[in-house]
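Have a look at the structure below before the remarks.
The values are calculated or read from the model by the stated rules, or taken from the named source; none is laboratory data. Predicted, not measured: the structure shown is a model, and the values here were computed from it. Note that we place each Cβ from the backbone using ideal geometry, even for glycine, and neighbour counts take in every protein chain shown.
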Amino acid sequence: MTNDREFLYQLAVMYYNERLTQQEISQRLGISRPQVSRALSKAEQEGIVRVQILRPASEKHDLESRLAKLLGLRRVFIASQMMKNGSERERRSQDIAIAAANILPEIFSGKKFVGIGWGDTIYRTALEIDYSETASETCYVPLIGSLGMRERRYQVNS
């Protein structure tokens, strides 16, 4: 089976857009169903396919709207508790980072410059963001200089 990215793309289109089953794809392409399954996994690993799970509108959305109105903000985002391991501080920081990484590309879209601060949550967010959506149009710049600290999470220039 070929690992060509175009092949993986076409296979993903058949499966996700055309809604063909893996068996139908295997018959159409003359390859085994396990090969189709492995190719779909590889397409996801290579970033050709991204799975995004969207939370339906809920009480959280209502609370975000009420907070935005109360505080006079355009938008409010509430991070869901996702992490189960680590200290409470680490879990909270990672939960915020995951939520921010999902929201920020939309906010950054069309922006020429984005100023970045420093700290553990910012560092974790930077690791979570998919830069492919904004990389070509956005320049990330530090809002503060180097602190002379060796820990990477405080080095906004790296």
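Provide a single number: the residues in region 109-137 that are within 20 Å of Gly47 (Cα to Cα) and at pLDDT 75 or above. Write out each step before concluding.
Here is the first cut: in region 109-137, the ones within 20 Å of Gly47 (Cα to Cα) are 109, 125-137.
After this cut, where a residue has to be at pLDDT 75 or above as well, the list is 109, 125-130.
Total satisfying the criteria: 7.
Which of the residues spanning region 17-32 are under 29 Å from the mean Cα position of the chain (by Cα) and either surrounded by 12 or more Cβ atoms within 10 Å (Cβ to Cβ) or more than 19 Å from Ile48 (Cα to Cα) (or both)? So that I can check it myself, show each step before the final result.
We begin by selecting, within region 17-32, every residue under 29 Å from the mean Cα position of the chain (by Cα); these are 17-22, 25.
Of everything in region 17-32, those that are under 29 Å from the mean Cα position of the chain (by Cα) and either surrounded by 12 or more Cβ atoms within 10 Å (Cβ to Cβ) or more than 19 Å from Ile48 (Cα to Cα) (or both) turn out to be Leu20, Thr21, Gln22, Ile25.
Looking for whichever is in contact with a Ser or Thr (Cβ under 9 Å, 6 or more places away or on another chain) and either within 28 Å of Leu127 (Cβ to Cβ) or at pLDDT below 85 (or both) here; the options are Lys84, Lys60, Lys42. Which one fits? Quick ask: steps written out before the conclusion?
On the way: Lys84 fails: in contact with a Ser or Thr (Cβ under 9 Å, 6 or more places away or on another chain); Lys42 fails: in contact with a Ser or Thr (Cβ under 9 Å, 6 or more places away or on another chain).
Answer to the check: Lys60.
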